[in-house]
Amino acid sequence: MEKFAELKKIAESVELVDAHAHNIVAIDSTVPFLNCFSEAAGDALSDVPHTINFKRSLKEIAGIYGSSLSLHAVQESRQRLGVESSADVCFKAAKISVLLIDDGIELDKKFDIKWHRNFVPTVGRILRVERVAEKILEKGSNGTWTLRSFMEIFTEDLKSYPLIILADEVFAFKSIVAYRSGLAINTEVTEKEAEEGLSDDLCAGHPIRISNKSFIDYIFLHALKVAQSYDLPMQIHTGFGDKDLDLRLANPLHLRNLLEDKRFMKSRLVLLHASYPFSREASYLASVYPQVYLDFGLAIPKLSFHGMVSSVKELLELAPMNKIMFSTDGIAFAETFYLGAKKAREVVFSVLRDACVDGDLSIPDAIAAVKDIFAENSKKFYKLDVSSRYSDVKPPLSSSFQEEELNELSKDVTFVRIIWIDASGQHRCRVVPQQRFYSSVQKHGVGLTCACMGMSSTSDGPAVDTNLSASGETRIVPDLSTKCRLPWNKQQEMVLADMYIEPGKVWEYCPREALRRVSKVLKDEFNLVVNAGFENEFYLLKSILRNGKEEWTPFDRTSYCSTSSFDAASPILEEVFASLQSLNIAVEQLHAEAGKGQFEIALKYTDCFRAADSLIFAREVIKAVARKHGLLATFVPKYALDDIGSGSHVHISLSKNGENVFMTSGESSRYGMSKIGEAFMAGVLNHLPAILPFTAPLPNSYDRIQPSMWSGAYLCWGKENREAPLRAASPPGVAHGLISNFEIKAFDGCANPYLGLAAIITAGIDGLRRNLSLPEPVDGDPDILKENLQRLPVTLAESVEALEKDSLFKEMIGEKLLVAIIGVRKAEVKYYSENKEGYKDLIFKY
C-alpha cells in the first residue's frame, strides 16, 4: 500500500547493528553448509532440505549469487567466488554497519575477529564467560585447582577485558548457562557446593566442559558481578538451540530468582533468540523488569515466515519497543548474516504495518520503531559510538596473537607518547620507543614520581602543601582504547594514561579515576550519564622581533566571525579539522572569535569521559598544527589583559538509557527542563564558587571572569543569557521552550577536564540527592542587576577558600587528591601575586 511506502523504504534501507553473531569459517572448513539453515547436527542434517526455512533461504541465496535453484548450484557459486568475495556480496546486501561477535564457539578454520572488518566498518567482541573459564582450567592439570585459585585467575581475566582494550573491544559478556544446567540459577550457591562442582568437572577429563550446576551457577553469578561493575551487559542464551540444550530449562521464567536478587538490580540482561518458543514469557519479563532486554536473532530467519512474524508480535505484546534489538546470529557462513538481515527487514515491516492497520501505532511511530529496533536501541544499550575512535581500537592483552597483530600495525612507529594531565592542567608525556612500548610498557606502564601531581604552572617541583614529595613512585599505564597515530607525525603514536600505585590498584591522585568514580555514583544512584561538549577558544600568535626582543602578537586583527580572518587561517583550520577527523573527533562548528587572532572550535557532545579525552587530543592537535605553520596556539584564559579572554565552555546534558532526560518530557516544568535536569543544574549553581578551582585553576582565569565579558561573573543562571555563568540552552532542532542542555562559562583551557567534569558531576549529584530547585533566571545583564546578585569569587584565592569550606568535594573527589589540588592552587596564588608579569609565560605552557 502506498501509505506504507515510507515505512517499507526505511525498513529496507536502514543500516543494521548486528548485536550478536559468530565467526565465519574458511571455504574448506568441515562445518557443513547445511548448518546455514538449521540447528540440527549429525544424521538429523539429512532432513534439513525438507524444511520451510531451507527451501525459502536457498531461493534467497541463489538470488544474490545468480545461480540455479539447487543446493549443488549454490555451493558451486560459493566455491567459485571464494569466501572473501561471497562475504562481500552478502554483507553489502545485508547493510550491516556494526557487528558484535561471540567468538567462543570452536569452529574448524574460523576467521579471527579482525578479518570481519574487511566487510563491516565496526566490529566488536562478545565475551563468552564459560569459554574463558574452560580455557583457564585447560591450562592446569587435574587435582591442582582449588576454587579460590581458579576464581582469582577467572576474575583477573574477566576484569582485563573491559579495562585493557586494544583491537577487539568487548561490548558485552555472554553466558550459555541454559545449555549447561538451565536458567534456574541458584543465587545462593555456596563456595562449598561450587568447590565440589569444580572437582566433578575436573574429574570428567579433557577437554574441560563445565556442566556441574553448582559450579556453573557460581561462575555465572561472579561474571555478572564483574559485568555490572563495569556497566557491561550480559547476553543470555534463552529458548531453542541445538539438541545439547534441554528446552524445558531454557524458559526465561526460570530467571525470576536472579531478577529479584537485589545484588543484580543494576545489571543489564539480554535474552537472546526471542526466547522462542517462550517469546510471550520474555516479553512479560522485559515489561516488568528494568534490567531485561530482548534480542530476536536466530528466531529470524530459522522459523517459517508466519512463525517469525508471530514471535516478533509476541515480543511486542508487552515489551517496550526501546528494549527490543536485532541480531542475525550469523555463524560460519556469510549467507547466514544476509538471510538474518533480509528476513528481519521483511518481518519487522510486516509486524509494524499490521500494528498501524490495527491502530496500535501511527506511521511515524512505526518508522521510529524500525530505526530503534534495527540500530538505535543497540547503539545506546551497548554504548556504540560508530563515529568514535574507540570503535576501531581494541583487544585484551591476554591474547598473544592480538598483541602481535597490533605490533604489526604499528611496526613503522618510532615513538609512543604516554600523556597525562597534572593537577595544574598541563599536558605532560613520557616517550618510549615502539619496541619497548609493545613488549612491556603497554601492559605495565612506566614509573613516575608521585611529585608529578603536585606540580604547578610555576615550578616542576611539588608545591609545599600538596603532601607530595620526591619520595614515592606511581605508574602511568596506557589506556589502550585511546591510542592513536599523531596526525601531524605519522611515525609517532600517543595514548592517554591512568595512574596506578601498584598493579591493579589505581592511584588515588589519578584525575581520570576521579571522573570515573563520580560518574559511577551518578549511574548507580540515578541511572544517569553525563554528556559533555566543549567549545575550545584559543589565540593564534605570531613571533616578531621588537627592539631585538621576541614578542608574540595576534595572527590577525579582525572582528568576531570575520570571513577574512577565516580565510587567512583556513590552511591551519583545514589541517586541524582533518587531523581531528582522523582521530574520529567530531567538530560541530568553528569560527573567528572576538579577540584579535582568536578562534573557536566546538566539539560534538559525547559521554563525559570521551569528551574529556577528545578535548585533550584537540588541544594537542591545535597546538601542533599551529607550530607546523610557524605560529603559537594558546588556550590561556587572558593572554593579553586588554583583549577578550579564552574559555573552554562546556555544555552539559543528562541521559538515561541513551535518551536526553535533561529537557522536560510531558511533566510540568517551570523552565522547559525536567525535574532531574533542574535539580542537577541547581546543584552546580549552588556549589559553583567551590567548583571554580577545578574549572578556572589559575589567577589569570579570574582576569577573564569579569562583568560584561560573556564569561559569567555573578552567581546566577539565565535562559540563553550569555552573561550568566550557567546558560540554559535551546539549540536549533529543540522544540520551542524546551532546554536540552546547559552551558558552564567558567571553564577555561587551563583546566584539567577530568577534574573539572568530576567537580561538576559531584555538585550535580548533590542537587539530585537534595532535590534542589533553581532560583528565578536572570534575563538581563547581571552587571546591571548586581545589587541583587552575589559576585562569584574574583580571585583564585577566594575560590580556593570557597572550596575549603565546601565539605562535599572531600568525600566525592577524594581527600588526598583534593589536598593536592588546593596545594597547587595556593602555589599559583603565591607566585603570581609576587610576579605580576608572570602570566605572560603561560602561553608556552597552555
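If you wrap the tightest convex hull around every Cα atom of the range 1-109 and split its volume per residue, you get 136 Å³.
Put a plus charge on the Cβ of each Lys and Arg, a minus charge on the Cβ of each Asp and Glu, and nothing anywhere else: the dipole of the chain about its Cα centre is then about 640 debye.
In square nanometres, what is one fourth of the surface area of the convex hull spanned by the alpha carbons of the range 73-212?
Values: hull surface 44.9 nm².
The number I arrive at for the range 73-212 is 11.2 nm².
With helices as the sole contributors, the chain gives -12000 deg cm²/dmol at 222 nm; each DSSP H run of n ≥ 4 counts as -39500 (n - 2.57), and the sum is divided by every residue.
Contact order normalised by length for the chain, with contacts defined as Cα pairs under 8 Å and 6 or more residues apart; what percent is it?
Values: 1715 pairs, mean separation 85.9, N = 846.
Dividing the mean separation by the residue count of the chain yields 10 percent.
Averaged per residue, the range 478-609 has 43 square angstrom of accessible surface, using a 1.4 angstrom probe with ligands and nucleic acids left out.
Label the range 655-804 by shape, choosing from rounded, prolate and oblate, from the square roots a ≥ b ≥ c of the eigenvalues of the Cα gyration tensor; if a/c is under 1.5 it is rounded, and otherwise prolate applies when a/b is larger than b/c, oblate when it is not.
Values: a/c = 1.82, a/b = 1.41, b/c = 1.29.
Prolate is the answer for the range 655-804, as a/c is 1.5 or above and a/b outweighs b/c.
All other residues whose Cβ lies under 10 angstrom from that of Val477 are scored, Lys and Arg at +1 and Asp and Glu at -1, for a net of 0.
If you wrap the range 331-387 in the convex hull of its Cα atoms and look at it from every side, the mean projected area works out to 5.0 nm².
In this simple spin-label approximation, Leu253 and Glu196 carry label points 7 Å from Cα along the Cα→Cβ vector, and these lie 3.0 nm apart.
Hey, any idea what % of the range 545-696's accessible area is carbon plus sulfur with a 1.4 Å probe? Mind showing how you got there, number by number?
Numbers: 2910 of 5920 Å².
The computed percentage sits at 49.
Cβ-Cβ distance of Ser439 and Glu815, R₀ of 35 Å, FRET efficiency by 1/(1 + (r/R0)^6): the value works out to about 0.40. Taking the centroid of alpha carbons for each part, the range 108-122 and the range 24-101 are 17 Å apart.
Quick one: longest stretch of the chain between exposed loop GluC sites (Glu not before Pro), exposed meaning at most 11 other C-beta atoms within 10 Å and loop per DSSP? Spell out each step's value before the answer.
Values: sites that count: Glu106, Glu188, Glu667, Glu837.
By the stated rule (loop sites, at most 11 other Cβ atoms within 10 Å), 189-666.
If a/c stays under 1.5 just call it rounded; otherwise compare a/b with b/c (prolate if a/b is bigger, oblate if not). Do that for the range 748-846, with a ≥ b ≥ c from the square roots of the Cα gyration tensor eigenvalues.
Details: a/c = 2.03, a/b = 1.23, b/c = 1.66.
Here the range 748-846 falls in the oblate category.
Given a cut-off of 27 Å, what percent of all Cα-Cα pairs of the range 466-603 lie beyond it? Taking all Cα-Cα pairs of the range 466-603, the fraction more than 27 Å apart is 49 percent. Along the axis of the charge dipole computed for the chain (Cβ charges of +1 for Lys and Arg, -1 for Asp and Glu, origin at the Cα centre), the listed residues Phe91, Val521, Val684 are led at the positive end by Phe91. For Lys313, the accessible area of its heavy atoms, probed at 1.4 Å with every protein chain present, is near 80 square angstrom.
What net charge do the residues around Ala334 carry, taking every other residue with its C-beta under 11 Å from that of Ala334, with Lys and Arg at +1 and Asp and Glu at -1? All intermediate terms of the calculation are to be shown ahead of the outcome.
Values: positive: Arg78, Lys92; negative: Glu84, Asp88, Glu335.
Counting the neighbours of Ala334, the net charge comes to -1.
Comparing Pro777, Gly749, Thr466 along the charge dipole axis of the chain, the residue lying farthest to the positive side is Gly749, per the Cβ-charge model.
Would you mind putting 417-428, 265-276 in packing order, based on average other-beta-carbon counts within 10 Å, highest first?
Numbers: 417-428: 21.7, 265-276: 23.9.
In descending order of packing, they fall as 265-276, 417-428.
With R₀ set to 30 Å, the beta-carbon distance separating Arg670 from Met265 gives a calculated FRET efficiency near 0.40. Here the Kirkwood formula, the inverse mean of 1/r across different C-alpha pairs, assigns the range 424-537 a hydrodynamic radius of 16.2 Å. Using +1 at the C-beta of Lys and Arg and -1 at the C-beta of Asp and Glu, which of Ala618, Ser149, Phe349 has the Cα lying farthest in the positive direction of the dipole of the chain? So the residue we want is Ala618.
Need one number: the % of Cα-Cα pairs in the range 626-682 sitting beyond the 17 Å mark. Let's see the in-between values first.
On the way: 967 of 1596 pairs.
Counting pairs separated by more than 17 Å, the tail of P(r) holds 61 percent.
Counted by Cβ distance under 14 Å from Glu191, the other residues give a net charge of -4, where Lys and Arg count +1 and Asp and Glu count -1. With the cut-off at under 19 Å, measuring from each backbone N in the range 3-32 to a point 7 Å along the Cα-to-Cβ line of Ser85 picks out 25-29.
Solvent-accessible area of Trp145, all protein chains in place: 40 Å² (probe radius 1.4 Å, heavy atoms, ligands and nucleic acids excluded).
State the label only: which of [x] 29.1; [y] 31.6; [z] 34.5 corresponds to Kirkwood radius over Cα pairs in Å computed from the shown model? Checking each listed value against the structure points to [x]. DSSP assigns beta bridges within the chain; of those with both partners inside it, close to 65 percent run antiparallel.
Between Val464 and Glu550, what length comes free when the chain is fully extended (0.36 nm per residue of separation minus the Cα-Cα distance, one decimal in nm)?
Working: separation 86, 0.36 × 86 = 30.96 nm, distance 3.35 nm.
That works out to 27.6 nm of additional length.
Across the range 570-705, C-alpha contacts under 8 Å between residues 6 or more apart give a mean separation that, scaled by the residue count, equals a relative contact order of 17 percent.
In terms of its C-alpha gyration tensor, the range 271-358 has an oblate overall shape, because the principal axis ratio a/c (a ≥ b ≥ c, square roots of the eigenvalues) is not below 1.5 and a/b does not outweigh b/c.
Between Lys371 and Thr795, residue separation times 0.36 nm minus the direct Cα-Cα distance comes to 147.6 nm.
The values are calculated or read from the model by the stated rules, or taken from the named source; none is laboratory data. It should be emphasised that the depicted structure is a prediction, and the values quoted were computed from it without experimental measurement. So basically every Cβ, Gly included, is an ideal-geometry build from the backbone, and we count neighbours across all protein chains shown. Side chains included, ligands, DNA and RNA excluded: accessible areas come from the protein's heavy atoms. Shrake-Rupley method; radii C 1.70, N 1.55, O 1.52, S 1.80 Å.
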